[in-house]
Amino acid sequence: MSAMESFFSRYRNALVLIAVLLAQVIGLAVQARRPSPDAADSESVSLIRYWVVSVITPPERWVHAIGDGIGGIWSNYVNLVHVKQQNRDLQMEMDRLRLEQASLAEDARQAQRLHGLLGFTQKYIYKTVVAQVIGTSGSDQSRIVYIDKGSEDGIRTGMPVITPSGIVGKTRDVFPHKSQVLQISDPTSGAGVVLETTRIRGILKGNAYGQPQVINVMPDERIKPGEKVITSGGDQLFPRGLSVGVVDRVEVDPEHDPLVDILIKPAANLSQLEEVLVITNMGDQLPPQAVRDIAKSELQVEQQRASDILAERLPSRIDPNAPEAAENLKEMNASGEVARPLTPPAALHPDHFSPNATPPATTLVPGQRLAPVLADQPGTTNPIRKKPDATTATGSTQGGAQGTGTAAQANSATGTTAAPVRKKPEIVPDFGNKPPTPAPVTAGDLAPVTPRRSTLLTEPKANDVTETAPGTASENGRATNPVKTTVVVDGPVRPAKPASNTSTQPSGSTVPRPEPGTVAQPSNTAPKKTGPEIVPDDGSHPPGYVPPPKKKPQPKPNQPNKPATPPAQQPPQGRRN
Amino acid sequence: MALLASTRREADVQSFPLLIFILVPLFALGLQSFVTLHFPRFDMIDLPLLVTIYFAIAWQNPIAGTVGGAIIGIAQDALTHHPLGVFGICKALVGYLAGSLGVRVDTESHGTRLLVTFLFMWLHGGIFWVLVRRLLAQPFAWDWLHELIQAAINALVGVVLFALLDLAKRRE
């Protein structure tokens, strides 16, 4: 007995140490026999944890509350300078996200239908609880944080914990007013993830250094740093599609070669957590709030679409002649186009009904007849259409003008070239007393029609000077040349046929004009229908340009009319010796 | 630097008020948990271990050091998700050795405290690696450079902490 007492007294310190260590080892062994590390602790262990947490965490909450109060004074009163602008920015971002949500809503509905066909079930977030992070485990070997919500607030063990940036972890131990959250960077954690682009699935766990990694993945060359990682939903814990992080690098697992581990940079800042969301309720259907948000977004898209269509169809009130201002850049859309006002095409043969055809009243003189307007002619005035009248003087050189000059004015007014309009040539009754002249016809051009003289439209009279031989000038010296229309065509001009120097083809062969002072000789052949005069287009003039008609020499008014010289007649062939 | 106790005064047991024995370990645990939340690198400092070393040296009693270390370690385990006893075993061993060393070594000088704390940090890390890696089969990476830096930082912090705690002790 004394030997034993001396033994115990001699080795008392060591025995106590051994006893304490043995007790703790046995306790470790009992705890390590749990079916999984995530399984709940035994009652005694939970009790010890509860005592310690109940003693440590309240001071942390007080300190956190005091810090929030001091910070709230600053943020709620002093730091409100930029709230208005921030509100506007957030509103714009929200509108943009609504539009994006609407565009994705249809894809989501289709995915749901397919899921239903295949028997898949997807979890949607129904309800979350906001919690403040108030403490940690204090050890770098245990990635645990404490939140200020517990079972009294609806928190249960195994609930996912997220932030708007990404997932954080899951609840582990839940106390009445506090909870433990095991982060995804802990080696004992686990989550089902999938790479967004390559669709490679794996399990996410923390490594010994506290960095999340996807373990035991087959090597794949498509895995690149920066690829996004999302939750797969296969763990039945996290809803599908939540952001986890991005790929940092790929390393070969030394214990499971050739499998690789994909190290992840987490999306949520796990070392600076302040507020987290605990998902307390999930369901198979879209939550009602999400349905309302999608409907609101789709309505906004429809309104936007309707306003865009309306803007395209209604005429613009913007002045097309206004210089292009720098403000147009603001109206530039994504493709770099600027909206241009729509303008009506200019009339081919403008008349006084055409836009900008009527001259201002202050410039008009009562009884004045305006000459027809030619394109690019200075000093020209707008024409006025007048009905052909048989009693009116046929000698007028100004009557019966067609309002053809207004086409050019319309062109210049609008600054655009109107689509060419073909006009049927006006049929002029031929009484045989005038040489055939080319009828003015425009072909694919806005060349104004030269005015016709009233003599061409009236019946011959006894005292009409037009009763002369064809090609002769009229008594009053006025040329009886009909209205000539010039047709501008592209390409080379066909050489005129030498045999018929006075005939004109409807296709537009050139007609040599009579020299000044001479009279056009009547052709031996039957008069043919005159066609438009062809003027080659060398590209030096804009479309619609009509060369001014060459002025023909006017015979003096007092000179008697020279008798028409009959054409030289060739002697008959047979009498020549 | 004299490591051995040269005077009876240095070898006297140093006592503290009972409240100090209770509040200081709790304050160390709370401060460790709260500061690490805002400064993640603070987890390199092990305040509960420094408190264990200090009190074990101050008591100069291996049993007291063992029991005190075990309690502080189990409380630290309760804040983690580890099974209870991992830190308890580590700190119980460190407390025993620190208490045994306090009788024979002059722990009043700062140099002694610096060296003792540095060595005990290494020991604590080694014991922890054995338990977690071999006993619990959990991943734990041993980095020599990391452990060296961690031990040095804790030794420096320990010297400052010990000087502050010296203000609370009462001499018999």
Legend entry - B:ASP166 more than 24 Å from A:ILE26 (Cβ to Cβ), modelled with pLDDT under 90 and away from every other protein chain (no Cβ under 12 Å): yes
Legend entry - Conditions (1) within 14 Å of another protein chain (Cβ to nearest Cβ); (2) surrounded by fewer than 24 Cβ atoms within 10 Å (Cβ to Cβ); (3) among the β-branched types (Val, Ile, Thr); number of the one not met by B:ILE89: (2)
Legend entry - Check on B:GLY102, more than 8 Å from chain A (Cβ to nearest Cβ), more than 11 Å from the chain's Cα centre (by Cα), of a type outside the set (A, V, I, L, M) and crowded, with 24+ Cβ neighbours inside 10 Å: yes
Legend entry - Within the range B:22-45, considering residues that are surrounded by 17 or more Cβ atoms within 10 Å (Cβ to Cβ) and more than 8 Å from chain A (Cβ to nearest Cβ), the one farthest from the chain's Cα centre (by Cα): B:VAL35
Inset, instruction - Report, by residue number, each residue of the range B:115-172 that is charged (D, E, K, R) and loosely packed, with under 14 Cβ neighbours inside 10 Å. - result: B:ARG134, B:ASP143, B:ASP166, B:ARG170, B:ARG171, B:GLU172
Legend entry - Residue in the range A:137-150 that is more than 13 Å from chain B (Cβ to nearest Cβ), of a type in the set (Gly, Ala, Ser), without any contact (Cβ under 8 Å) to a residue 40 or more places away in the chain and assigned to a helix (DSSP H, G or I) present: no
Inset, instruction - Report yes if B:TRP122 is modelled with pLDDT under 90 and more than 8 Å from chain A (Cβ to nearest Cβ), otherwise no. - result: no
Inset, instruction - From the list A:VAL229, A:VAL193, pick out the single residue that is in contact with a Gly (Cβ under 8 Å, 6 or more places away or on another chain), under 27 Å from B:ARG41 (Cβ atoms) and either modelled with pLDDT under 90 or not aromatic (Phe, Trp, Tyr) (or both). - result: A:VAL229
Inset, instruction - Return yes when B:GLY111 is more than 7 Å from chain A (Cβ to nearest Cβ) and either in contact with a Lys or Arg (Cβ under 8 Å, 6 or more places away or on another chain) or buried (at least 24 other Cβ atoms within 10 Å of the Cβ) (or both) and no when it is not. - result: no
Legend entry - Of all residues in the range A:45-103 being at pLDDT 80 or above, surrounded by 12 or more Cβ atoms within 10 Å (Cβ to Cβ) and polar (S, T, N, Q), the one that is farthest from A:VAL181 (Cα to Cα): A:SER54
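Condition check ((1) β-branched (Val, Ile, Thr); (2) surrounded by fewer than 19 Cβ atoms within 10 Å (Cβ to Cβ); (3) under 27 Å from A:TYR146 (Cβ atoms)) across all residues:
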position: A:GLY233; (1), (2), (3): no, no, no
position: A:VAL244; (1), (2), (3): yes, no, yes
position: A:VAL247; (1), (2), (3): yes, no, no
position: A:GLU251; (1), (2), (3): no, yes, no
position: A:ASP257; (1), (2), (3): no, yes, no
position: A:ASP261; (1), (2), (3): no, no, no
position: A:ALA267; (1), (2), (3): no, no, yes
Inset, instruction - Name the single residue, out of those in the range B:61-82 being facing chain A (nearest Cβ under 7 Å) and more than 18 Å from B:LEU29 (Cβ to Cβ), that is surrounded by the most Cβ atoms within 10 Å (Cβ to Cβ). - result: B:THR66
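The values are calculated or read from the model by the stated rules, or taken from the named source; none is laboratory data. Only a predicted model underlies this, so the values are computations on that prediction, with no experimental measurement involved. Cβ coordinates were reconstructed from backbone atoms using ideal geometry, including for glycine residues, and neighbour counts include every protein chain displayed.
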